[in-house]
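Just so you know, all these numbers are worked out from the coordinates, no wet-lab data involved. Because the structure is predicted, anything quoted here is derived from the model rather than measured. Cβ placement follows ideal geometry from the backbone for every residue including glycine, while neighbour counts extend to all protein chains displayed.
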Amino acid sequence: MRRRDALTLSGGWLLAGVFASPRARAASAPSPYAAVLAGRPIAFPADYGSHPDYRTEWWYITGWLSSPQRESLGFQVTFFRTRPALTADNPSGFTPHQLLVAHAAISDPRHPGLWQDQRLRRAGLGLADAAIGDTGVFIDDWTLERRDGVYRTHIAGEDFGFDLAFRPTQAPLLNGQSGVSQKGPNSASASYYYSIPHLAVTGRIERAGVTDAVTGEAWLDHEWSSEYLDSVAVGWDWIGIDLDDGAALMAFRIRDAAGAARWAGGTYRSPDGRVQTLAAQDVAFSPQRFWVSPRTGIRYPVEWRVQAGVHELELQPLQDDQENDTRLSTGAIYWEGAVRAFAAGKAVGRGYLELTGYGDRLILR
């Protein structure tokens, strides 16, 4: 049996237990989730680790790589932890109190679409877990950990893989108000959120049996929440850009069903370390060009003009087809890819763009 077929079977079994019918869910009270509260300080190293009382959490690393052949490649690896709405007092070792999901991909202009793969496991039984106290998350042999101040990941996909190390060159960047990032007009729609821009990357990648040493630069996001999107929101547009002068820009907008901005925000850190928190009115996303997926028919805006305070960037993708199909794990299809940033026609940085909710409404369980 191919591993992807095995994932379909195991994933379907797990999802059937977690996302039960409405009648089954109504028969038992869901476990309470911790709330995101203003004034709770982000504390390291504890907040590098997992926060299992919250509903949803992710560690998300994206970046650009260069090979000895002077290729420009994008990559992303994301580990998700989610706490299902099950009764907390069920003593069975088979009850999935926490689920772990991982996505990984390489953007390669010489390859049609993404090199991509995904994993899904319930936590425990030595198969998957997310450590408390520092970053240490794994699913089978897929890993992301922080050791001696350096992040490391090992990904072994079906036809690609990578072993990469990420060395911080800048301090963590707290987003929102001291790390509390608002995601809608209701105060409950919020997350704890920090980024680490300008990570120095070294390691190796493998594609179709060919291995290359690589170097590059990356961006890390760590975010946890219990009510990320409100009932009106359908998805988001997000960017994390490492600017060539050492500055960093994160910006996002949450969209409603009509495609209008439900909420927006961002953070800009200047080359000298000063931080500007961007309010909803400071951020505007304007699509410039669209691409239609030949597989799903979804229409994505792949070129953008982004206004973030006084900064205006034009974003162009490394390749148009960076659609990520994760229906075997999260049920979602979205566009997530490497982009170049320009200001007044001049290249000023590189980063990643994420577009969710352009097919079906994104549901974070």
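Q319 sits among other residues whose Cβ lies under 14 Å from its own Cβ, and their net charge, with Lys and Arg +1 and Asp and Glu -1, is -3. Which net charge results when you count Lys and Arg as +1 and Asp and Glu as -1 among the other residues whose beta-carbon is under 10 Å from that of A130? Around A130, the charge tally is -1. Between A188 and S66, the FRET efficiency from the beta-carbon distance, with R0 = 51 Å, is close to 0.75. Each of H222, H103, H154, H51 has some number of other Cβ atoms within 10 Å of its Cβ, and from fewest to most they run H154, H51, H222, H103.
Our note on the geometry: Cα centres of the stretch 245-281 and the stretch 121-137, 31 Å apart. When every Cα-Cα distance of the stretch 94-144 is counted in 10 angstrom steps from zero, the calculated P(r) takes the values 24, 42, 22, 11, 1 percent. Here the relative contact order of the chain, from alpha carbon pairs under 8 Å that lie six or more residues apart, stands at 15 percent. Computed over the stretch 233-365, the quotient of the alpha carbon radius of gyration and 2.2 N^0.38 Å is 1.04. Neighbours of G49 by Cβ distance under 13 Å: Lys/Arg scored +1, Asp/Glu scored -1, total -3. Note down the Stokes-Einstein diffusion coefficient of the stretch 36-182 in µm²/s, whole number, using a Kirkwood radius over alpha carbon pairs, 20 °C, and 1.002 mPa s. Once the numbers are plugged in, D ends up at 126 µm²/s.
Can you work out the FRET efficiency for the pair S178 and Q288, with r the C-beta to C-beta distance and R0 = 30 Å, to the nearest 0.05? Working from the Cβ atoms, E equals 0.30.
Taking the three principal axes of the alpha carbon atoms in the stretch 240-308, the coordinate ranges are 44, 26, 16 Å, sorted in descending order.
Once you reduce the stretch 289-342 and the stretch 190-243 to the center of their Cα atoms, the two points are 14 Å from each other.
Taking the fewest neighbouring Cβ atoms within 10 Å as the starting point, the ordered list for I42, I139 is I42, I139. For a paramagnetic label modelled on D244 (point 7 Å from Cα along Cα→Cβ), amide N atoms under 14 Å away belong, within the stretch 288-319, to 314. Counting each pair of different Cα atoms once, what's the Kirkwood radius of the stretch 166-259 in Å, rounded to one decimal? Roughly 15.3 Å, rounded to one decimal.
The calculated FRET efficiency for Q170 paired with A208, based on their beta-carbon distance and R0 = 35 Å, is about 0.50. Extent of the chain along its three principal axes (Cα atoms, max minus min coordinate, largest first): 59, 48, 45 Å. Taking a point 7 Å from the Cα of Q281 along the Cα-to-Cβ direction, the residues of the stretch 251-265 with backbone N closer than 17 Å to it are 261-265. Counted residue by residue at 0.36 nm each, then reduced by the alpha carbon distance between them, the extension gain from V232 to Q307 reaches 24.6 nm.
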